[in-house]
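Below is one structure, written out as C-alpha cells; the observations come after it.
The values are calculated or read from the model by the stated rules, or taken from the named source; none is laboratory data. The structure presented is a predicted model; accordingly, all values stated were derived computationally and were not measured. Positions of Cβ are generated from backbone atoms using ideal geometry, with glycine treated the same way; all protein chains shown enter the neighbour counts.
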Amino acid sequence: MNRTSPVPAAASAAPPAAPLRLGALAVAVTLSWLAVGVVLSASVYASLKLAAVDYPVHLAVGERMLGGIVWIPPTMAAFVLTRRFPLERARLPRNALIHLAWALPLVAAKVAAYHFPGVALGLLRPGVSFGAALVDLGAESLLTYAFVVGVAHAFAHARTLRERELARSQLETQLVQAQLQALKAQLHPHFLFNTLHAISTLVHADPDRAERVIASLSEMLRNTLAHQHDQEVALRDELAALEPYLDIERTRLGDRLAVEVRVDADALDGCVPHLLLQPLVENAIKHGIGPRRAPGRIRITGCVEEGRLVVAVEDDGRGISGPPRDGAMGLANTRARLQRLYPTHEFTLSSAPGGGTRVEVRLPFRRAPRESAADTRVNASHFAESEVTS
C-alpha cells in the first residue's frame, strides 16, 4: 500500500528569512532620500522667495540635497543591521546596544560626509570645524538614525508576517494534498482485494474467465499508476479507466450485469476526481445487482446543467430501505475527497424513479486540459451515445 509522506515537522516552524535584496533596497533608499532632498529644496526655495532674502538659491538647494544624499549609506546600514539584529522582545537589550554601537560611527561618518564636501563646495559656512559640526548635528542625526531604524524594523516585521502567511498557506495546501493522496491511496487495496477475491473463485472453476479478469486487472492497475499523482481527470478519461473494472464485473457476473453509459459530448471534457466512478459503480453492483439472481442494469449518465457537471450512477436493484447510509469505504471515501476538492459540490444518495438507487454528484464545471483528454485517445462519440453491455 502506498503511504503518503507526512509533512515534515520543520514545516510548521517559522520560515527562514528570505535574503535581503540589496540592489532593490539601494534603489529604494536612494530614490527616497533624493525625494526628501527635492522636497526640502523646494521648501527652502519657496521660503527664500517669500522672505525676499538675498541668499543664493543654488547654495541653499544644494545644501538640502547634500543633506539627503549623505543619509543613503547610513540608511542602507540600518536596514542590514535591523535584518541581522531585529528589535524583538527576546533580544531587545542586546540588539538595541548593538544598534547604538553602530549608530555612533555611522552618524559621525554621515556628519563628515556632509561637512567636508559642503565646505569644499561652498554650501556651508567656512571656518566651522568638524568638531563643532559634530556637536551641532550629532543629536539631530542620532534621532534621524533612530527613526530610520524604526522604519526598517517596521518593514522587516511586515515582511516577516507576509512570509509566515505564505508559509502557512503553503502548509495548508500541502496538508490538503496529503489528505487527498491518503484518501485516494485507500481505494487501491480496496478494489484490489475485491478483484483478487473474484479471481480466486474463478481460477479453478473457469480458468479462461479468470485469465480475462487478470488481464482487466492489469489494465486497471496500469491506468491507476498512470494517474497516481492526478487528483482530477477529464470525465472521458474516468470512463475509459472504468472500462477494465466493468470487464472484471461482467466476467464475474455474466448475463446478470448490463451497463448503460449515456454522457453528453460537452460533459466529456469536464474535470472529475480520479477514481470517482469506480466506488459508485461498485456500490451499485454490491447492493443493487449482487443480492439478487435476476439480471440487473446500471446506468451511468453525465451532462452539464447551469454551469455544473452532473454525473450519476443508477441501478435497478431493491433501492434504499430506511435512511440513506454511505458508511462503506468507497462512498465515505468519495464524499471526503469531494469535500476537499469541491467545497460547493452536491452529493445525493436517493431511491431511483421506478426502483433502485441513484447516486448523483454535481460539481462546478471546469474543462480539463486537452492533453489530458488526448492521452486516452477515446472517441467522444463512443460515450455520447447510449451503450448497453450485457
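Quick test for you: out of Gly302, Gly319, pick the one residue that is at positive phi and not aliphatic (A, V, I, L, M). Reasoning before the result, please.
Numbers: Gly302 fails: at positive phi.
On inspection, the qualifying residue turns out to be Gly319.
Among the numbered conditions (1) on the phi > 0 side of the Ramachandran plot; (2) modelled with pLDDT of 90 or more, the only one that Cys271 does not meet is (1). Residues of the stretch 124-151 that are in a loop (DSSP other than H, G, I, E, B) and at negative phi: Leu124, Arg125, Pro126, Val128, Ser129. Contact map, the stretch 79-90: first residue in contact (Cβ under 8 Å) with a residue 40 or more places away in the chain, second residue surrounded by 12 or more Cβ atoms within 10 Å (Cβ to Cβ) and not in a helix (DSSP H, G or I), Cβ cut-off under 8 Å, separation 6 or more or different chains; pairs are Phe79/Leu20; Val80/Leu20; Arg83/Ala17; Arg83/Leu20.
Restricting attention to the stretch 368-390, the residues that are modelled with pLDDT of 80 or more and exposed (fewer than 14 other Cβ atoms within 10 Å of the Cβ) total 1. In the stretch 243-278, of all residues being closer than 13 Å to Ile298 by Cα and within 32 Å of the chain's Cα centre (by Cα), the one that is surrounded by the most Cβ atoms within 10 Å (Cβ to Cβ) corresponds to Leu277. Among helices (runs of 4 or more DSSP H) entirely within the stretch 1-113, having at least 2 residues that are modelled with pLDDT of 75 or more and on the phi > 0 side of the Ramachandran plot singles out no element at all. Tell me, which residue of the stretch 122-170 that is touching a residue at least 60 places away in the same chain (Cβ under 8 Å) and hydroxyl-bearing (Ser, Thr, Tyr) is farthest from Gly68 (Cα to Cα)? Looking at residues that are touching a residue at least 60 places away in the same chain (Cβ under 8 Å) and hydroxyl-bearing (Ser, Thr, Tyr), I get Thr160. In the set (1) in contact with an Asp or Glu (Cβ under 9 Å, 6 or more places away or on another chain); (2) buried (at least 16 other Cβ atoms within 10 Å of the Cβ), Ala215 fails one condition alone, (2).
Quick grid of which residues meet (1) within 21 Å of Pro364 (Cα to Cα); (2) among the small types (Gly, Ala, Ser); (3) part of a loop (DSSP other than H, G, I, E, B):
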{"residue": "His204", "(1), (2), (3)": "no, no, yes"}
{"residue": "Ala210", "(1), (2), (3)": "no, yes, no"}
{"residue": "Ile214", "(1), (2), (3)": "no, no, no"}
{"residue": "Ala240", "(1), (2), (3)": "no, yes, no"}
{"residue": "Ile248", "(1), (2), (3)": "no, no, no"}
{"residue": "Gly254", "(1), (2), (3)": "no, yes, no"}
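Considering every residue within the stretch 185-203, establish whether at least one is farther than 30 Å from Asn95 by Cα, of a type outside the set (A, V, I, L, M) and modelled with pLDDT of 80 or more. Spell out the reasoning first.
Taking the stretch 185-203 as the starting set, the residues that turn out to be farther than 30 Å from Asn95 by Cα are 185-203.
Remaining after also requiring of a type outside the set (A, V, I, L, M): 186, 188-191, 193-195, 197, 200-201.
With modelled with pLDDT of 80 or more added as a condition, the list becomes 200.
Yes: one or more hits.
Looking only at the stretch 274-309, which residues are among the acidic types (Asp, Glu) and in a strand (DSSP E or B)? The answer is Glu305, and nothing else.
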